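Here's the structure, in C-alpha cells; my notes come after.
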Amino acid sequence: MIYLKLFWSFFQIGLFSIGGGYAALPLIQNQVVDLHKWLTMTEFTDLITISQMTPGPIAINSSTFVGTRIAGPIGALISTFGCILPSCIIVSFLAFLYYKYKNLKAIQGALEGLRPAVVALIASAGLSILITAFWGENNVIPNFKDINYISFLLFSASLIILRKFKPNPIYVMAGSGIIGMIVYLIK
Amino acid sequence: MNKNLKLYLKLFTSTFYLSAFTFGGGYVIVPLMKKKFVDNLKWIEENEMLDLIAISQSAPGPIAVNASILLGYRIAGFTGGLISVLGTVLPPLIILSVISLFYTAFRDNEVVNAALKGMQAGVTAVIVDVVISMASNVFKEKKILSVIIMIGSFMATYFLKINVIYIIFICGIIGVLTVYYRNKGKQEEKNP
C-alpha cells in the first residue's frame, strides 16, 4: 500500500527533524533515497535546489514533490499530512502548556533566558544567508574582491529602505526580485 | 459565530500570505510574522513572539509550521492552530505539486534564476533588519546576562556549530537558575 508507506515515511521525517530547515535533509535522504528508492540521488539534489527556489519549509516541499511523483496529487496530500501530523499534535500540546503555565516564575525565567538566544539564532542564520548572497555557495573566504556587487547594492538599498520607511518586508523581497531579474538578464 | 468566522478567515489569509513568501529558510518567517502579527494586527507582543519561536525551534517539524500552530492557538484555540497550519502548508503544497510536473524546466529557467538571485539580496536585508531591531532591544534592556546569553549563543551556533537544541536547553536552565537565585537573595534579605 503505497499511500501508507508514504504517510509513514514522512511521519517519521516530521517527528525526528528537530531544529528545522537543513536538520531534516539527512532524514529525508535516508527515507526517500536509501530506504525506499523513490528518488535517485540526482533527483534528490534537484529537489534541494527547487526547495531553495520556492517558498515553504524543505520538509513540506519534499513531501509534496515525492508524493506527487510516486502517487499523484493524493500521494502529495497524504505525504504532506504525514509530515505535519507530529508537529500538529506535539506543538498544540506545547501551546496549551505555554499559555497555561507561562506566568509561573520558573517558566518566565526560562523564557527570559531563551529570548536573547533566539535573537542570536536568527542572527546566525542571517549571517550565513548574507555570506551566500554575497559570495555564492562555493565557500569562498569572504573578501572585497570576489563580492557580488549587484547583490551587495541590492542588499544595501533594501536595508536602507527597510530601516528608514519600515515598509512591508514582502514588498522589499518582491522588489529586489524584480530588479535583480532585470539586471542579471541584461548582464 | 459570524465574528469567529471572520477571525478564522483573517488567520487563514494571513498565514497563507506569509507562507507564500518565506523564501530562504525557516527564520525568514520571523520578520514577516513580526510585521504582520506584532506591528500591524497587534495580536501578540514581540517578547511573546520570541517565546513562540523558541518553542517552535525546540519541537519537531519545520519552524514555520510550528510557529503558525502556536500563533493560531493563541488567537483561536485548537481550531485556530488547525486553520493556520492549513494556511501555512497550502502554498508550498500547491506550488510544488505544479512544479514537480516540469521541474527541470523550472530549475534551468534563466528568468526564474535571475529573479531568485535578486530576491536573495532582499531576503538577506529583511533578516538583517529584524536582527538589528531585536538585538538593539536586548541591549536597551541593559541586563548584562541577556547580552552575555545573546553573544554567547551566537558564538556557539555560528562558530562552534553546536546543535541548536543544546543551546536552547542551556539558556533555558540559565534563565531558571537566575530566577531561583534572585528569589533566594530576596528571602535572605527579609529573614537575615
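The values are calculated or read from the model by the stated rules, or taken from the named source; none is laboratory data. Predicted model, so just to flag it, every value in this text is computed and none were measured. Every residue, glycine as well, gets a Cβ built from its backbone with ideal geometry; the counts of neighbours run over all protein chains shown.
Structure notes:
- Matching residues, the stretch A:150-178, being within 7 Å of another protein chain (Cβ to nearest Cβ) and over 24 Å from the mean Cα position of the chain (by Cα): A:Arg163
- Against the list (1) within 7 Å of chain A (Cβ to nearest Cβ); (2) farther than 26 Å from A:Gly180 by Cβ, the condition B:Gly87 fails is (1).
- Some residue of the stretch A:130-137 being assigned to a helix (DSSP H, G or I), facing chain B (nearest Cβ under 7 Å) and not hydroxyl-bearing (Ser, Thr, Tyr): yes
- Extreme residue, nearest to the chain's Cα centre (by Cα), among residues of the stretch B:4-29 that are of a type in the set (Phe, Trp, Tyr) and part of a helix (DSSP H, G or I): B:Tyr27
- Residues located in the stretch B:128-151, provided they are of a type in the set (Asp, Glu) and more than 7 Å from chain A (Cβ to nearest Cβ): B:Glu141
- You will find that of A:Asn168, A:Asn143, the residue that is touching a Lys or Arg at 6+ places or on another chain (Cβ under 9 Å) and surrounded by fewer than 18 Cβ atoms within 10 Å (Cβ to Cβ) is A:Asn168 and no other.
- Residues that are within 16 Å of B:Val85 (Cβ to Cβ) and basic (Lys, Arg), drawn from the stretch B:2-49: B:Lys10
- Only listed residue being of a type outside the set (Ser, Thr, Tyr), under 28 Å from A:Leu77 (Cβ atoms), at pLDDT 95 or above and under 12 Å from the mean Cα position of the chain (by Cα), chosen from B:Leu32, B:Leu70: B:Leu70
- Residues being facing chain A (nearest Cβ under 7 Å) and either under 28 Å from A:Ile13 (Cβ atoms) or crowded, with 21+ Cβ neighbours inside 10 Å (or both) - total across the stretch B:36-55: 5
- Residues that are facing chain B (nearest Cβ under 7 Å), free of Cβ contacts under 8 Å to residues at least 24 places away in the same chain and over 12 Å from B:Val89 (Cα atoms), drawn from the stretch A:66-87: A:Thr68, A:Pro73
Okay, residues lined up against (1) within 18 Å of the chain's Cα centre (by Cα); (2) of a type in the set (Asp, Glu); (3) buried (at least 24 other Cβ atoms within 10 Å of the Cβ):
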| site | (1), (2), (3) |
| --- | --- |
| A:Phe16 | yes, no, no |
| A:Ala23 | yes, no, no |
| A:Thr42 | no, no, no |
| A:Pro55 | yes, no, no |
| A:Asn61 | yes, no, yes |
| A:Ile78 | no, no, no |
| A:Leu94 | no, no, no |
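- Within the stretch B:132-163, the set of residues being aliphatic (A, V, I, L, M) and crowded, with 21+ Cβ neighbours inside 10 Å comprises B:Met134, B:Ile149, B:Met150, B:Ala156.
- Among the residues listed as A:Gly180, A:Gly136, A:Gly175, the single one being small (Gly, Ala, Ser) and either assigned by TED's automatic domain parsing to the domain that holds A:Ile48 or more than 20 Å from B:Pro31 (Cβ to Cβ) (or both): A:Gly136
- Apart from one condition, B:Asn113 fits all of (1) more than 14 Å from A:Ile50 (Cα to Cα); (2) free of Cβ contacts under 8 Å to residues at least 60 places away in the same chain; the exception is (1).
- Scanning the stretch A:44-65 for residues that are free of Cβ contacts under 8 Å to residues at least 24 places away in the same chain and of a type outside the set (A, V, I, L, M) yields A:Phe44, A:Thr45, A:Asp46, A:Thr49, A:Ser51, A:Gln52, A:Thr54, A:Pro55, A:Gly56, A:Asn61, A:Thr64, A:Phe65.
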